[in-house]
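K.L.:
I have a structure I would like to understand better, so I am pasting it below and will then ask my questions one at a time.
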């Protein structure tokens, strides 16, 4: 039925010219149809061409790229050949975009109300008063509190989740037939993400709009889409009904991808996929996934497979050997269980630690003190055992990175003691630590692009700690560098490369090698996998685990991703607004009873399984600072028991398995409520 | 907000105070002083003593600084050595002349710079951009004494359209001055406009590549509306500070150009009083130029603060 098709992509190729003059393809001969009322998920890693495809569906090609062939048909006219005057009538009115990063996509000097009004002026016939009413309606629809005041604010005055909702409202203003969503929840907190997805699902049902949902996150895709398109280096490799693709993927890439995602229900590290996605223009013929495939043969090396439609499965697949996978069972996850050694020697102890970002007034500077009644981080008591991996989890603003900074010495503590090995006091900041104190604690940062000096070669990067702490020189230095590179599974030839010549996963490996070069006792990992692609993430997690077993290092692992934390950590500490909520062995933290905040976090995790829906327990309000009195979570808690929560700091309670929960509700009662 | 303004103004005064001390100490440390310069070979014995008494140089340095500073605040900078007239009478017409030159250059140069910058950015890599950018780079790289000399050669000597150098009394009226300033203004404006146009170009290009401009396009906002509503307000904010520095540079006297054209402005006065070892005038000039820089930068900062909603609300909340 042709009439049902709303957007038809036909043989689309988009690319750019390299400096040598070669034509390099970002999209290779893409064909697909978007039907009325359906939600299509386009999934792929960074560089797979998914965003380019979504933008092309609006007739937009980024500066530097150009259309090489094919078309994007909307109402039987090709958007890619349309004049900008006609495009202006379709964009925002027929097809609207919800961008990845609403914080950057809203114009900073214009008020929220104006930006929505602009869309209404362009795409509706309403007069001024009707438009004003409509703006409130739209802001209400995306569930923003007090629309009238929000409309008068500037984008930077809203939280990330609120900005994303505004972007949704703006897209809905033109009542489009097709909504394109480009990673709309990436970069939001887990709970906010779950709420925004739920809102999008509601809007899809409510308005009957077709949606194209672009994301790297199979968990998010699983929650919204009817059909999934999997892209790999500019090609569609698999396309079919969402449930089939997630439960029984018949393309090796999708199969491997699903296996490499850590799941909440399973402790232990997922299997990793080797290598990374090839750069555009580097594939020499043959299947683009050949290097990383477990099912490949000689045919795959020399010939590139065509996208083949399988009628009985209602699925298209680009693979010679898909039949090998048709007979595989559902994606069964094999995990490498973490071996817990006997952990009894304490290595780092935080007692009563408070950290404040308050500016020191003149008087405080003179007396060298910090006066802040309500510091960002307060009452942190954790003892960390030698050789364990302890994870700090929480949403942004929970103080997890702040605590890391204090341990590393980048931020001095306000009160309390940080002690290493029971005697050495590390409460001071960097300036007062001796070189050995600095050596024993090393950091690995979230984004290797920013933490590696772009003007240093890999050799120089890894040589720095070796020279600084051990005074190595010449042959010995070189031998050590090669040794370290091998430990992180990088060859000797990487020594002369610069960070820009490495892939994301390789850069992070170099950062790991640099941290281990100092032979530290403790390594602080700050969201080390969140900037990496899913298929690379598992490999880095496995590497970290291997190194830890070899060297007996202790990890303090900060992450917002509860599934990753579940995979790698022995113990978990849950933080809200800089206060501890729950501490315990990870097996127990992930089981009920839980602190109400842990419950919220666990409920919001998105799994790549259409049958597991997130449970939204609490509102996703953003609190600017911790409450002055009482429980830190009182503002959002759905299980609040009364005045006591607002007045008194809750006591620590122990569960049978040794899990500590800080709540006024008795453990038994919590257990009853949560089952 | 008010607190912030007061704080910035106070900081400005502290800057000026430090500048005044540096210039005072500087002139003190230099060998020789006003009297030795003035009396030349007669600078000994009774005459020198008399001169010291007359100019008040026989009291300790800090006392002289205090009385000098107190007078300077009231606009009295003492006497110029060369002309033996009050410095404020020497400065007055010079400041006026520099103001005339600067404002003419500003009123012509800034609008042209903005327009050229925006055109080159919007037609990036196309013919208008390539043409204008080539010219601006050319204008930027030719030193002003060469362009000024060429202007004199072509316009004044070959074509005989305008006077080549300014030979009017310092305190001439505005109308009489007008034909004389055209060439200096062109010479200055060329460099200034080229610099600013390139700054505006890169700023506009940066904003054009931003996600919010892409969003505006995808929202169906017509091109020119997008340019005026979404691009320019954000692109021109950073230009304010550059414009301010340019204005301060202009007011401070465009030394080379003024010398080439023999223009009676502040810049030439600086050169003259330094070569005449007219230390009181040098001191006065240093203070005046410093105050121009401080106040123009202060104004620019406050303007940026007012126009940038991000900074505005931030300051109010804190």
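The values are calculated or read from the model by the stated rules, or taken from the named source; none is laboratory data. All values derive from a computational prediction rather than experimental measurement. Methodologically, a virtual Cβ is constructed for each residue, glycine included, from the backbone with ideal geometry; neighbour enumeration extends over all protein chains shown.
K.L.:
The conditions are (1) within 13 Å of chain A (Cβ to nearest Cβ); (2) part of a helix (DSSP H, G or I), and residue B:247 fails exactly one of them. Which is it?
P.N.:
Of the numbered conditions (1) within 13 Å of chain A (Cβ to nearest Cβ); (2) part of a helix (DSSP H, G or I), the odd one out for residue B:247 is (1).
K.L.:
Restricting attention to the stretch A:86-106, which residues are free of Cβ contacts under 8 Å to residues at least 24 places away in the same chain and more than 8 Å from chain B (Cβ to nearest Cβ)? Show your work before the answer.
P.N.:
Pass one, the stretch A:86-106, residues free of Cβ contacts under 8 Å to residues at least 24 places away in the same chain: A:86, A:89, A:104.
Once the filter is applied, which keeps residues that are free of Cβ contacts under 8 Å to residues at least 24 places away in the same chain and more than 8 Å from chain B (Cβ to nearest Cβ), the stretch A:86-106 yields only A:86.
K.L.:
Quick one: would you say residue A:514 is assigned to a helix (DSSP H, G or I) and within 15 Å of residue A:441 (Cβ to Cβ)? First the steps, then the outcome.
P.N.:
Working: assigned to a helix (DSSP H, G or I): yes; within 15 Å of residue A:441 (Cβ to Cβ): yes.
In short, yes.
K.L.:
For residue A:14, indicate whether it is in contact (Cβ under 8 Å) with a residue 60 or more places away in the chain and surrounded by 23 or more Cβ atoms within 10 Å (Cβ to Cβ).
P.N.:
Details: in contact (Cβ under 8 Å) with a residue 60 or more places away in the chain: no; surrounded by 23 or more Cβ atoms within 10 Å (Cβ to Cβ): yes.
For residue A:14, the condition - in contact (Cβ under 8 Å) with a residue 60 or more places away in the chain and surrounded by 23 or more Cβ atoms within 10 Å (Cβ to Cβ) - is not met.
K.L.:
Which of the helices (runs of 4 or more DSSP H) contained wholly in the stretch A:104-173 include at least 1 residues that are farther than 27 Å from residue B:308 by Cβ? First the steps, then the outcome.
P.N.:
Values: elements: A:112-123, A:128-141, A:147-151, A:160-172.
Helices (runs of 4 or more DSSP H) meeting the threshold: A:112-123, A:128-141, A:160-172.
K.L.:
Tally the residues that are buried (at least 24 other Cβ atoms within 10 Å of the Cβ) and within 14 Å of chain A (Cβ to nearest Cβ), restricting the search to the stretch B:173-211.
P.N.:
1
K.L.:
Still on this structure, I have one more. Tell me, please, whether a residue that is under 17 Å from the mean Cα position of the chain (by Cα), more than 13 Å from chain A (Cβ to nearest Cβ) and crowded, with 20+ Cβ neighbours inside 10 Å can be found in the stretch B:296-310. Walk me through how you get there before you give the answer.
P.N.:
Residues of the stretch B:296-310 under 17 Å from the mean Cα position of the chain (by Cα): B:296-301.
Next cut, more than 13 Å from chain A (Cβ to nearest Cβ) only: B:296-301.
Now restrict to residues that are crowded, with 20+ Cβ neighbours inside 10 Å: B:296.
Yes, there is a match, as at least one residue in the stretch B:296-310 is under 17 Å from the mean Cα position of the chain (by Cα), more than 13 Å from chain A (Cβ to nearest Cβ) and crowded, with 20+ Cβ neighbours inside 10 Å.
K.L.:
Do we have any residue at all in the stretch A:169-180 that's surrounded by fewer than 17 Cβ atoms within 10 Å (Cβ to Cβ), over 19 Å from residue A:613 (Cα atoms) and within 14 Å of chain B (Cβ to nearest Cβ)?
P.N.:
As a first pass, look at the stretch A:169-180 and keep what is surrounded by fewer than 17 Cβ atoms within 10 Å (Cβ to Cβ): A:175.
Next, from what is left, pick out any that are over 19 Å from residue A:613 (Cα atoms): A:175.
Filter once more, so that each one left must be within 14 Å of chain B (Cβ to nearest Cβ): A:175.
Yes, the stretch A:169-180 has at least one match.
K.L.:
Something else: Any residue at all in the stretch B:274-281 that is within 26 Å of residue B:180 (Cα to Cα) and free of Cβ contacts under 8 Å to residues at least 60 places away in the same chain?
P.N.:
yes
K.L.:
Out of the residues in the stretch B:232-244 meeting the condition of being crowded, with 19+ Cβ neighbours inside 10 Å and under 25 Å from the mean Cα position of the chain (by Cα), tell me which one is nearest to the other protein chains (Cβ to nearest Cβ).
P.N.:
Of everything passing the filter in the stretch B:232-244, B:237 is nearest to the other protein chains (Cβ to nearest Cβ).
K.L.:
Moving to a separate point now. Taking the criterion of being within 11 Å of chain B (Cβ to nearest Cβ) and in contact with a strand residue (DSSP E or B) (Cβ under 8 Å, 6 or more places away or on another chain), would at least one residue in the stretch A:145-168 satisfy it?
P.N.:
Yes, because at least one residue in the stretch A:145-168 is within 11 Å of chain B (Cβ to nearest Cβ) and in contact with a strand residue (DSSP E or B) (Cβ under 8 Å, 6 or more places away or on another chain).
K.L.:
Residues that are over 29 Å from residue A:17 (Cα atoms) and either under 22 Å from the mean Cα position of the chain (by Cα) or modelled with pLDDT under 85 (or both): find the helices (runs of 4 or more DSSP H) completely inside the stretch A:228-315 holding 1 or more of those. Write out each step before concluding.
P.N.:
Values: elements: A:242-247, A:252-260, A:298-302.
By residue number, A:242-247, A:252-260.
K.L.:
Show the residue pairs meeting these rules: Cβ distance below 6 Å; 6+ apart or different chains; first residue within the stretch B:220-231 and facing chain A (nearest Cβ under 8 Å); second residue surrounded by fewer than 20 Cβ atoms within 10 Å (Cβ to Cβ).
P.N.:
That search, which allows pairs on different chains as well, returns B:220/A:122.
K.L.:
If I ask for residues that are in contact (Cβ under 8 Å) with a residue 60 or more places away in the chain, surrounded by fewer than 18 Cβ atoms within 10 Å (Cβ to Cβ) and farther than 30 Å from residue B:266 by Cα, which ones from the stretch B:97-128 would you list?
P.N.:
B:124
K.L.:
Every residue in the stretch A:559-618 that is modelled with pLDDT under 85 and within 13 Å of residue A:636 (Cβ to Cβ), please.
P.N.:
A:616, A:617, A:618, listed by residue number.
K.L.:
Can you say whether residue A:111 is within 10 Å of chain B (Cβ to nearest Cβ), surrounded by fewer than 20 Cβ atoms within 10 Å (Cβ to Cβ) and either at pLDDT 90 or above or closer than 20 Å to residue A:210 by Cβ (or both), as far as the supplied structure shows? Don't jump to the end; show me each part of the working.
P.N.:
Working: within 10 Å of chain B (Cβ to nearest Cβ): yes; surrounded by fewer than 20 Cβ atoms within 10 Å (Cβ to Cβ): yes; either at pLDDT 90 or above or closer than 20 Å to residue A:210 by Cβ (or both): yes.
Taking the combined requirement at face value, the residue satisfies it.
K.L.:
Just for the stretch A:115-131: of the residues that are under 15 Å from residue A:168 (Cα atoms) and facing another protein chain (nearest Cβ under 9 Å), which one is surrounded by the most Cβ atoms within 10 Å (Cβ to Cβ)?
P.N.:
Taking the stretch A:115-131 first, the residues under 15 Å from residue A:168 (Cα atoms) are A:115-120.
Narrowing further to those that are facing another protein chain (nearest Cβ under 9 Å): A:115, A:118-119.
Values: A:115: 28, A:118: 23, A:119: 25.
If we take residues in the stretch A:115-131 being under 15 Å from residue A:168 (Cα atoms) and facing another protein chain (nearest Cβ under 9 Å), then A:115 is surrounded by the most Cβ atoms within 10 Å (Cβ to Cβ).
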